[in-house]
């Protein structure tokens, strides 16, 4: 017990866990929703990582959840890629949400090619965000997407049905969109505790 | 004026070797009539087996059978000579093919662009080696001297008249570009070096030898100028590689394909143009050739990129039979405009620019697979979007909320308990182009909380037709 260890060095070496930090660090990828930002450990979307958005059905506000982010990215001349969306993104609504359509790109691909295309887009690092709708994707393919997002330092969003919530996933953030009542539930978030209560999230029309 | 002579000592052999996977394997080129086949030339590995130029094929095969044969084709040599001229054309506007198996390039006017001769020469050598051609390079003040010096020197750079006289004086008389009879006559007279010939009185040479001799000697020392034809590059690229065996998998086609695309890139760089559309032909024993068109969105000339795109298209193609030859034809060669780049990279993590990524995606998924979505000023939802931004709309005044997802084809909405949130909104348009619609749109909420955009045609009963989701 002869040596005296300064507290500062211990803290700097991160060998002491200090519990929940009170100050929320400013994220470089805010979601655009203050309540959601406050609930997430990084204060926004996990940067260069895969985020999963779990929805029970289409038309529950799953796009409006992302629109502020996409509007911010396209305003900064970053490209947003939709890989094999199930429907046509109706430009009038996307435009009204503030998205610069000239930076929006749609890739039409079959189920197998869609994963390849999403991985290529993520890995290239030339896109700001990549949205994909994987169907019956397994753990390994999700991990590939996560690694590709890290490599290209790109935001990746995967929309999946809510039934997948029971299966584990390598995504850095898993967010369930619920409708009755309208709220968001964080199922997993890397780097912090899960928020105890659901986050109210009501979509406009 | 400074002239560089690039002598290609084994042009015929290199042209064949560069298409082979293994250039170290013994190879001999055969020429002559079918009755008497003669070995024309061979690579060092074949020489080590004891083969000699001029040997008859039967004699060679009596010694060993472990060598590959290929036809010695003068047309091919001519073709590769011109190919290299196209390559050299980007270093100088004055490239001459007048000397067989050699390129004469006027280089002094290019020093400003390519730097001093040491750097310039290294660059020429690097590129020739990458293209797979052995070479000797000599710099001299006039083309005749450059060509003569290249027969025995490599890497020599003579810039001044005095130095040239000294180097030329030491040249053996056989290697001075004089015809064989004249050279023999000189050496029988005891004149073995060029300086001895130059020391002779001019009138005696004029008396004893044809007038070409004196003219050639004047050209060598630079007393009289040699007029050389200028090479003009061809307007299209058309190269064919014949494969030694029937190829059934695309893997084996990648090596010749890489050669073709890098040749195309070298050709394009020489012309300072790009390629926007080219066609790959796979030739079969029977039936027509398989054609693989490769289209790009903008003119490109990067060898790696062209290869990757061609490969992407090749991998997706099903061909009827084994391939015997591969041909690349590029007719449309627009001017190459380098892509605009920021001085400081805005996305430091970017490993592949978007333009290249887009071409890669198109190569695998199809030409129409990657597109934008743009608004079009039409009240009918199905006409309100388009892929091209050509006629992008300025905006319809104050549209009510529109859904983020649009179904490309409306489907009946089979929901038991629908709650109408807003509506109806009447959309009535298109009477002028045959796509007449009269619909009442409602914003409805299903029992699961989904917000849908559905309509019923005016004056018709029945279930609502779902046309979009307020996602």
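The values are calculated or read from the model by the stated rules, or taken from the named source; none is laboratory data. Treat the numbers as computed from the prediction; the structure is a model and nothing was measured. Reconstructed Cβ throughout: ideal geometry from the backbone, glycine too, with neighbour counts over all protein chains shown.
Just one of the listed residues (B:450, B:445) is more than 23 Å from residue B:376 (Cα to Cα), surrounded by 12 or more Cβ atoms within 10 Å (Cβ to Cβ) and free of Cβ contacts under 8 Å to residues at least 24 places away in the same chain, and it is B:450.
When the residues of segment A:49-64 are filtered to those that are in contact with a strand residue (DSSP E or B) (Cβ under 8 Å, 6 or more places away or on another chain) and at the interface with chain B (Cβ under 8 Å from one of its Cβ atoms), the one that is nearest to residue A:104 (Cα to Cα) is A:63. Taking helices (runs of 4 or more DSSP H) as the structural unit, those lying wholly within segment B:10-99 and holding at least 2 residues that are touching a residue at least 40 places away in the same chain (Cβ under 8 Å) and on the phi < 0 side of the Ramachandran plot correspond to B:11-17, B:74-88. Considering B:303, B:219, B:299, B:266, the condition of being surrounded by 15 or more Cβ atoms within 10 Å (Cβ to Cβ) and touching a strand residue (DSSP E or B) at 6+ places or on another chain (Cβ under 9 Å) is satisfied by B:299 alone.
Can you tell me which of (1) away from every other protein chain (no Cβ under 11 Å); (2) surrounded by 18 or more Cβ atoms within 10 Å (Cβ to Cβ); (3) modelled with pLDDT of 90 or more is the one residue A:109 doesn't meet? The single condition residue A:109 does not satisfy is (1). Looking across segment A:173-184, the residues that are within 14 Å of chain B (Cβ to nearest Cβ) and surrounded by 12 or more Cβ atoms within 10 Å (Cβ to Cβ) come down to A:176, A:177, A:178, A:179, A:182, A:183, A:184. Of all residues in segment A:154-167, those satisfying the criterion of being touching a helix residue (DSSP H, G or I) at 6+ places or on another chain (Cβ under 9 Å) and over 11 Å from residue A:52 (Cβ atoms) are A:154, A:155.
Return yes or no: is residue A:163 more than 7 Å from chain B (Cβ to nearest Cβ) and under 21 Å from residue B:359 (Cα atoms)? In short, no. Of all residues in segment B:409-418, those that are surrounded by 10 or more Cβ atoms within 10 Å (Cβ to Cβ) and away from chain A (no Cβ under 12 Å) total 2.
Quick grid of which residues meet (1) within 7 Å of chain A (Cβ to nearest Cβ); (2) within 55 Å of the chain's Cα centre (by Cα):
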| site | (1), (2) |
| --- | --- |
| B:360 | yes, yes |
| B:369 | yes, yes |
| B:374 | yes, yes |
| B:423 | no, no |
| B:436 | no, yes |
| B:463 | no, no |
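Figure legend. Inter-residue proximity from segment B:246-260: first residues assigned by TED's automatic domain parsing to the domain that holds residue B:326, second residues in a helix (DSSP H, G or I) and surrounded by fewer than 15 Cβ atoms within 10 Å (Cβ to Cβ), beta-carbon distance below 8 Å, spacing 6+ or different chains. Indicated pairs: B:250/B:315. Taken over segment A:89-102, residues that are more than 8 Å from every other protein chain (Cβ to nearest Cβ) and either crowded, with 21+ Cβ neighbours inside 10 Å or free of Cβ contacts under 8 Å to residues at least 24 places away in the same chain (or both) amount to 1.
Looking at A:134, A:195, A:170, just one residue is assigned to a loop (DSSP other than H, G, I, E, B), under 18 Å from residue A:53 (Cβ atoms), free of Cβ contacts under 8 Å to residues at least 40 places away in the same chain and away from chain B (no Cβ under 13 Å), and that residue is A:134. For segment B:131-139, the condition holds for at least one residue, the condition being that it is surrounded by fewer than 22 Cβ atoms within 10 Å (Cβ to Cβ) and outside any loop (DSSP other than H, G, I, E, B). With the condition kept exactly as written, say whether any residue in segment B:264-274 is in a strand (DSSP E or B), at pLDDT 85 or above, at negative phi and under 20 Å from the mean Cα position of the chain (by Cα). Yes, the conditions are met somewhere in segment B:264-274. For segment A:65-88, the candidate set comprises residues that are under 13 Å from the mean Cα position of the chain (by Cα) and buried (at least 19 other Cβ atoms within 10 Å of the Cβ); within that set, the residue that is farthest from the other protein chains (Cβ to nearest Cβ) is A:69. Kindly list the number of the only condition in (1) outside any helix (DSSP H, G or I); (2) farther than 25 Å from residue B:160 by Cβ that fails for residue B:200. The one condition residue B:200 does not meet is (2).
Among the residues of segment B:275-298, which ones are more than 11 Å from residue B:329 (Cα to Cα) and outside any loop (DSSP other than H, G, I, E, B)?
Scanning segment B:275-298 gives B:276, B:282, B:283, B:284, B:290, B:295, B:296, B:297, B:298.
Here residue A:148 passes the criteria (1) surrounded by 19 or more Cβ atoms within 10 Å (Cβ to Cβ); (2) under 16 Å from the mean Cα position of the chain (by Cα); (3) in contact (Cβ under 8 Å) with a residue 40 or more places away in the chain except the one numbered (3). Sub-9 Å Cβ pairs linking a first residue in segment A:8-22 that is at positive phi to a second residue that is in a helix (DSSP H, G or I) and at pLDDT 70 or above, at least 6 apart or interchain, number zero.
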